[in-house]
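The values are calculated or read from the model by the stated rules, or taken from the named source; none is laboratory data. Model, not experiment: these values are computed from the prediction. Quick reminder, even Gly has a Cβ in these numbers, built from the backbone with ideal geometry, and neighbours come from all protein chains shown.
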């Protein structure tokens, strides 16, 4: 997947500025695609040049002017072609896993500390996903929302992100417990 497809998917929900798009990536898309604001602004320029999005200038009197972007029919066609193509399986590339792989020959204390920190971060992300899920479904139960809502894609990807972070937390906690039980740590 290229960044362009993630940007096009994010713009399906409305007209957004680059700043708003960066916030969307930070909160809801970060579970499957990470991009810094500079990458997003550069990608918006490329997408507009390709005709896949259109931008319009908004004059603001008390702040700098901004551009708002929307997906064009050509952008929707590109996204449809992307969705019809076979997806590539993902793979894990994780520094922490390399550390755990080597822990038998290392002092486990720093690895344990990083695992504990990662578990705390995953817990915070699970809470953020829970909040986002509640906001997306409003007063509806999850079952009713998923059956009746006009747009469930963001909700489904948020569920996947929540499950991913929940599994990260559980794995980190399990590995910490195993390492602590296995190796006496000096104080």
The stretch 102-115, residues that are surrounded by 11 or more Cβ atoms within 10 Å (Cβ to Cβ) and either assigned to a helix (DSSP H, G or I) or touching a residue at least 24 places away in the same chain (Cβ under 8 Å) (or both)
103, 108, 109, 110, 111, 112, 113, 114, 115
For residue 118, state whether it is assigned to a loop (DSSP other than H, G, I, E, B) and either over 19 Å from residue 157 (Cβ atoms) or in contact with a helix residue (DSSP H, G or I) (Cβ under 7 Å, 6 or more places away or on another chain) (or both).
no
Could we say that residue 169 is assigned to a helix (DSSP H, G or I), within 22 Å of residue 6 (Cα to Cα), under 21 Å from the mean Cα position of the chain (by Cα) and not assigned by TED's automatic domain parsing to the domain that holds residue 33 here?
no
Would a scan of the stretch 70-82 turn up a residue that is farther than 27 Å from residue 19 by Cβ, assigned to a helix (DSSP H, G or I) and touching a residue at least 40 places away in the same chain (Cβ under 8 Å)?
no
From the list 68, 40, 47, 79, which residue is assigned by TED's automatic domain parsing to the domain that holds residue 18, within 30 Å of residue 118 (Cα to Cα) and under 24 Å from the mean Cα position of the chain (by Cα)?
40
Looking at 140, 156, 146, which is the one that is surrounded by fewer than 16 Cβ atoms within 10 Å (Cβ to Cβ) and over 21 Å from the mean Cα position of the chain (by Cα)?
140
Answer yes if at least one residue in the stretch 129-137 is assigned to a loop (DSSP other than H, G, I, E, B), surrounded by 12 or more Cβ atoms within 10 Å (Cβ to Cβ) and more than 16 Å from the chain's Cα centre (by Cα), and no otherwise.
no
Quick count over the stretch 47-69, residues being assigned to a helix (DSSP H, G or I) and in contact (Cβ under 8 Å) with a residue 24 or more places away in the chain, is 2
Evaluation of residue 34 against (1) surrounded by fewer than 17 Cβ atoms within 10 Å (Cβ to Cβ); (2) in contact (Cβ under 8 Å) with a residue 24 or more places away in the chain; (3) not in a helix (DSSP H, G or I) (one fails), failing number
(2)
